[in-house]
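Only one structure is covered here, and it is reproduced in the block below.
The values are calculated or read from the model by the stated rules, or taken from the named source; none is laboratory data. Bear in mind that the values here come from a model prediction, so they are computed numbers and not experimental data. Note that we place each Cβ from the backbone using ideal geometry, even for glycine, and neighbour counts take in every protein chain shown. To get the accessible areas, we keep the full protein, side chains included, count just its heavy atoms, and leave off ligands, DNA and RNA. Shrake-Rupley method; radii C 1.70, N 1.55, O 1.52, S 1.80 Å.
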Amino acid sequence: MRIRLCLGLACCLALLFSMNFVYAAPVPNVNLSFGASDNPEDVAVTLQLIGILTVLTIAPSILIMTTSFVRIVVVIGFLRNALSTQNVPPNQVVLGLSLFLTFYIMSPYWSAINDNALQPYLAGAITQEEAIDNTLGPMREFMFKQTREADLALFVNLSDAPRPETQEDVSTFVLIPAFVISELKTGFQIGFMIYIPFIVIDMIVASTLMSMGMMMLPPVMISLPFKILLFVMVDGWRLLIQSLVTSFK
C-alpha cells in the first residue's frame, strides 16, 4: 500500500510540475501559409527552404556514402560472420561503433569545413555558393584519396563526359559512386583476410570430429569457442580498429 501511495504521489507531482512548466514556458507561435506571391524573393526563399528540407531528409545517406562509414561497417559485418556469432555484437553496437569511428576519421575534414565554410557563412563573410564550394573541397579530397583510378574511369566513361585533365574537372556526381564501389572492394578485401584464420579453425575442428566419428555434432558449435579465444588472445578488436583507421591514411 505504501508503495502504491508513493507512486501515486509521484505521478501527481510530475503531472503538476509538467502543467506548471507548460503554462510558465512561452509557447512559440508558428504560422504556415500558402498563397500566391508577386515577389520573386519570396519564391526564392521558398525554394531554398524546400532544398534544405530535402538535404536534411537524405543527410543519413550522404553521411554513409561520402565518408568512411561504408568500409567500417562492411568489415565489422565480415568479422561477425567469420566468428559465427550471428547477432553478437548486435546491430546497434556495430552501427554505433562505425559512426564513432567515422567521426574520428573524418574529424580533420569536418573541422576544415567548419573553419572554411560554416563559420564564415554564418558570419556573413562568404556567400552560399562559396560555402558550398568550401564544403565540397575537403570531402572531394578525402574521396579522391580512397578512390581507385579504375573505378573513377568506369563512371567517367559511363557518363560520356570528356576526359578530365585534373581532379577539379571530375564531377562530384561521378566521384561519389566511384568512391562507394572502391570502399566496397576494399572492405571485401579486408573481410577476406579476416576470414582466413577462422576458416582454418573450422577445417581443423571438422576434420577432428570426422576422424572421431562424431558426424552428427555441428562443427560450428565446437569451433566457436576456439575462434573467440583466438580473437581475444591476439587482441583482435585493437588490431582491427588500428588496421581500419590506418587504411584511410
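A viscosity of 0.890 mPa s and a temperature of 25 °C, combined with the Kirkwood radius over Cα pairs in Stokes-Einstein, give a translational diffusion coefficient for region 101-169 of 178 µm²/s. A 1.4 Å probe, protein heavy atoms only, puts the accessible area of Asp115 near 100 Å². Inter-label distance, Arg148 to Glu165: 2.9 nm, where each label sits 7 Å from its Cα along the C-beta direction.
Could you tell me how far the Cα centroid of region 53-67 sits from the Cα centroid of region 173-220, in Å? So the separation of the two Cα centres works out to 31 Å.
Solvent exposure of Arg238, expressed as accessible area, is near 120 Å², computed with a probe of 1.4 Å over the protein chains only.
The GluC sites (Glu not before Pro) found in region 140-171 that occupy coil by DSSP, while having at most 16 further C-beta atoms within 10 Å, are Glu165. Here the accessible area is traced with a 1.4 Å probe on the protein chains. For region 106-249, carbon and sulfur cover 68 percent of it. Distance between the modelled labels on Leu184 and Thr127, one decimal in nanometres: 3.8 nm (7 Å Cα→Cβ projection). Rounded to whole numbers, the Karplus 3J(HN,Hα) couplings from phi for region 110-118 are 5, 5, 5, 5, 5, 6, 9, 10, 5 Hz, using 6.51 cos²θ - 1.76 cosθ + 1.60 with θ = phi - 60°, and x at Gly and Pro. Accessible surface of Trp110, taken over heavy atoms with a 1.4 Å probe and every protein chain present, rounds to 80 Å². So if R0 is 22 Å, what FRET efficiency would Ala206 and Arg238 give, r being the distance between their Cβ atoms, rounded to the nearest 0.05? Computed FRET efficiency for Ala206 and Arg238 comes out at 0.15.
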